[in-house]
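The values are calculated or read from the model by the stated rules, or taken from the named source; none is laboratory data. None of these values were measured; they are calculated from a predicted model. In this analysis, Cβ positions are derived from the backbone assuming ideal geometry, glycine residues included, and neighbour counts consider all displayed protein chains. SASA here: full protein model, heavy atoms, side chains in, ligands and nucleic acids out. Shrake-Rupley method; radii C 1.70, N 1.55, O 1.52, S 1.80 Å.
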Amino acid sequence: QVQLAESGGGLVQPGGSLRLSCAASGSIFSINRMAWYRQAPGKQRELVAGITSGGSANYADSVKGRFTISSDNAKNTAYLQMNSLKPEATAVYYCHAEIARMMAPGLRTFSFWGQGTQVTVSS
């Protein structure tokens, strides 16, 4: 099995910064892509940022220039550096990963989600 462990959420004042981490563990052959999504109360889950194993990143327009996604492939870990946080960033942030696993007769790709970590931006 595969687990995604998120950390780094919390309470921060507007204009502050937080760094989220997502570590994948378990039966992993390779990770194709990792991403961060968020879901605010009463709203649909939305993509915040994603990064491929090759380092190609994409961002939601609302976070461009303020959030940075990165990854450490050796540690199977992705990070989300969030700067200049605004109250509207308050949400549960979920890590998502597309992971290849060796399962007979060959490699198969699966989608995994973390449990989520709360980010609250408030004064």
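Specify the residue that is most open to solvent (accessible area, probe 1.4 Å); the eligible residues are those in the stretch 42-58 that are under 12 Å from the mean Cα position of the chain (by Cα) and closer than 16 Å to V92 by Cα. Only one residue fits best here, namely E46.
Here A78 fulfils each of the conditions (1) without any contact (Cβ under 8 Å) to a residue 60 or more places away in the chain; (2) touching a helix residue (DSSP H, G or I) at 6+ places or on another chain (Cβ under 7 Å); (3) closer than 16 Å to G8 by Cβ apart from (2). If you go through the stretch 76-103 and pick out every residue that is of a type in the set (G, A, S) and open to solvent by 30 Å² or more (accessible area, probe 1.4 Å), you end up with 1.
Quick check on T90: is it among the polar types (S, T, N, Q) and touching a residue at least 24 places away in the same chain (Cβ under 8 Å)? For T90, the condition - among the polar types (S, T, N, Q) and touching a residue at least 24 places away in the same chain (Cβ under 8 Å) - is met.
Under the condition of being more than 12 Å from the chain's Cα centre (by Cα) and either surrounded by 15 or more Cβ atoms within 10 Å (Cβ to Cβ) or assigned to a strand (DSSP E or B) (or both), the residues counted in the stretch 59-75 number 4. Among the residues of the stretch 5-25, those that are under 27 Å from E98 (Cα atoms), in a strand (DSSP E or B) and in contact with a Leu (Cβ under 9 Å, 6 or more places away or on another chain) comprise E6, S7, G10, L18, R19, L20, S21, C22, A23, A24, S25. Please specify each residue of the stretch 24-38 satisfying the condition of being of a type in the set (K, R) and touching a Phe, Trp or Tyr at 6+ places or on another chain (Cβ under 6 Å). Hit for the stretch 24-38 is R38, nothing else. Look at the stretch 106-123: where a residue is under 19 Å from G26 (Cβ atoms) and open to solvent by 40 Å² or more (accessible area, probe 1.4 Å) and a partner is acidic (D, E) and assigned to a strand (DSSP E or B), sitting 6+ places away or on another chain with Cβ atoms under 9 Å, you get T109/E98; F110/E98; S111/E98; Q115/E6.
Determine, yes or no, whether A35 is more than 24 Å from Q1 (Cα to Cα), open to solvent by less than 50 Å² (accessible area, probe 1.4 Å) and assigned to a strand (DSSP E or B). So A35 does not fit the description; no.
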